[in-house]
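One structure is given here, and the rest of the page talks about it.
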Amino acid sequence: MTWEQAVLLARNSNDLSQLIEDAYLSEDLKSNVERYRTSLEYQEIQKYLFQYFGSDKKIKILDIGAGNGITSINFALDGYEVLALEPDESNHVGSGAIEFLKDSYGLDSLEVVVAFAEDLEVDRRVFDVVFVRQAMHHANDLTSFVKNTSRFLRKGGVYFTVRDHVIFNRRDKELFLKQHHLHKFYGGENAFRPFEYRRALEYAGLNIEHEIKYFDSIINLAPFTLESLEQNANKELDALKKRLMHKLGLIGRLAFVLSLYRIFRYDPIKWRVEERYPGRMYSYIAIKT
């Protein structure tokens, strides 16, 4: 099954409807763009761009793995010159969707190229930003992916990757793939360890300025927030109390029983532990030297 087929299947599943909305993969392509435009994630990305370029709208952005175009279209709407790279030609989740949106919004500042990042050739053009959203972890060869795409970045330009899946060991990766809702359909998910991302960036001549870990930014957490994760932890704790009382009766009401369980089995309150989130996401900002 292809990625497009997996998404179409998920769109017709009540169980996965929220996932489709959260991932901006609904059938309404313009709605995806407009919802993403007002998202906390995109607002935070804009803050980083402003940090490096101020209010300059003349910057050129190469958007790698542009998918259905939510970032490329929004960058173009903001006045940037954008080249969207997407190997999938689908009208639902690939370059066909971007072309449709480009025409719908009348964007002359956006160009779409169908190719894999490892094979990209765009003459001698250089960009101020290479932007990669949820694409680097899909690389067939991570080193080649970064090295080839960074060739088109000017000296001093920003290589900005967001929301790439991170694993710490083989067991962590197995849990991530098992829990991923769409991987079981199309089998295309992947993840790398942090040092592998850093090594690929540095090998390409990029100086890493920020390794943005999972809890460091809403960019990685979305659609969750720190507040929503804390609320979920409190709900888990309440549910745990009820389970203990159901299993142990009056003994389960005792505070020390709950404390022992939290010490030796599972403590929902300790939710800010990355190991509890297989495939958690990291983002990176690096400068071409």
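From the list Glu4, Glu27, Glu81, the one residue that fits, being farther than 19 Å from Arg163 by Cβ, over 18 Å from the mean Cα position of the chain (by Cα) and touching a residue at least 60 places away in the same chain (Cβ under 8 Å), is Glu27. The residue pairs whose first member lies in the stretch 36-63 and is open to solvent by 10 Å² or more (accessible area, probe 1.4 Å), whose second member is part of a helix (DSSP H, G or I) and modelled with pLDDT of 95 or more, and whose beta carbons are closer than 7 Å, counting only pairs six or more residues apart or on different chains, are Arg37/Asn74; Leu40/Ile218; Glu44/Ile218; Glu44/Ile219.
Has the stretch 199-207 got any residue that is part of a strand (DSSP E or B), touching a Ser or Thr at 6+ places or on another chain (Cβ under 7 Å) and not aromatic (Phe, Trp, Tyr)? Checked against the condition, which is being part of a strand (DSSP E or B), touching a Ser or Thr at 6+ places or on another chain (Cβ under 7 Å) and not aromatic (Phe, Trp, Tyr), the stretch 199-207 yields at least one hit. Mind listing whichever residues of the stretch 44-94 are touching a strand residue (DSSP E or B) at 6+ places or on another chain (Cβ under 8 Å) and of a type in the set (D, E, K, R)? Result: Lys58, Lys60, Asp63, Glu81, Glu86.
Restricting attention to the stretch 223-265, the residues being outside any helix (DSSP H, G or I), open to solvent by less than 90 Å² (accessible area, probe 1.4 Å) and at pLDDT below 65 number 1. Remark: Ser31 falls outside the filter, which requires a residue to be farther than 20 Å from Lys102 by Cβ, at pLDDT 95 or above and of a type in the set (Ser, Thr, Tyr). Exactly one residue out of Glu89, Glu118, Glu99, Glu111 is within 25 Å of Val7 (Cα to Cα), open to solvent by 20 Å² or more (accessible area, probe 1.4 Å), of a type outside the set (Phe, Trp, Tyr) and at pLDDT below 95: that is Glu118. If the condition is being of a type in the set (Phe, Trp, Tyr) and either within 30 Å of Lys57 (Cα to Cα) or within 15 Å of the chain's Cα centre (by Cα) (or both), then the stretch 123-175 contributes Phe127, Phe131, Phe145, Phe152, Tyr159, Phe160.
Looking at Asn169, Asn148, just one residue is polar (S, T, N, Q), more than 30 Å from Ser31 (Cβ to Cβ) and surrounded by fewer than 15 Cβ atoms within 10 Å (Cβ to Cβ), and that residue is Asn169. Only one of the listed residues (Ala66, Ala6, Ala10) is small (Gly, Ala, Ser), open to solvent by less than 50 Å² (accessible area, probe 1.4 Å), in a loop (DSSP other than H, G, I, E, B) and closer than 25 Å to Pro87 by Cα. That residue is Ala66. For the stretch 121-145, the candidate set comprises residues that are of a type in the set (Asp, Glu) and open to solvent by 40 Å² or more (accessible area, probe 1.4 Å); within that set, the residue that is farthest from Leu25 (Cα to Cα) is Asp123.
Filtering Asn220, Asn190 for residues that are under 17 Å from the mean Cα position of the chain (by Cα) and assigned to a loop (DSSP other than H, G, I, E, B) leaves a single hit, Asn190.
The values are calculated or read from the model by the stated rules, or taken from the named source; none is laboratory data. In this text the structure is predicted, and so the values were computed from the model without any measurement. Backbone-built Cβ (ideal geometry, glycine too); neighbour counts: all protein chains shown. In case anyone asks, the SASA skips ligands and DNA or RNA and just uses the protein heavy atoms, side chains included. Shrake-Rupley method; radii C 1.70, N 1.55, O 1.52, S 1.80 Å.
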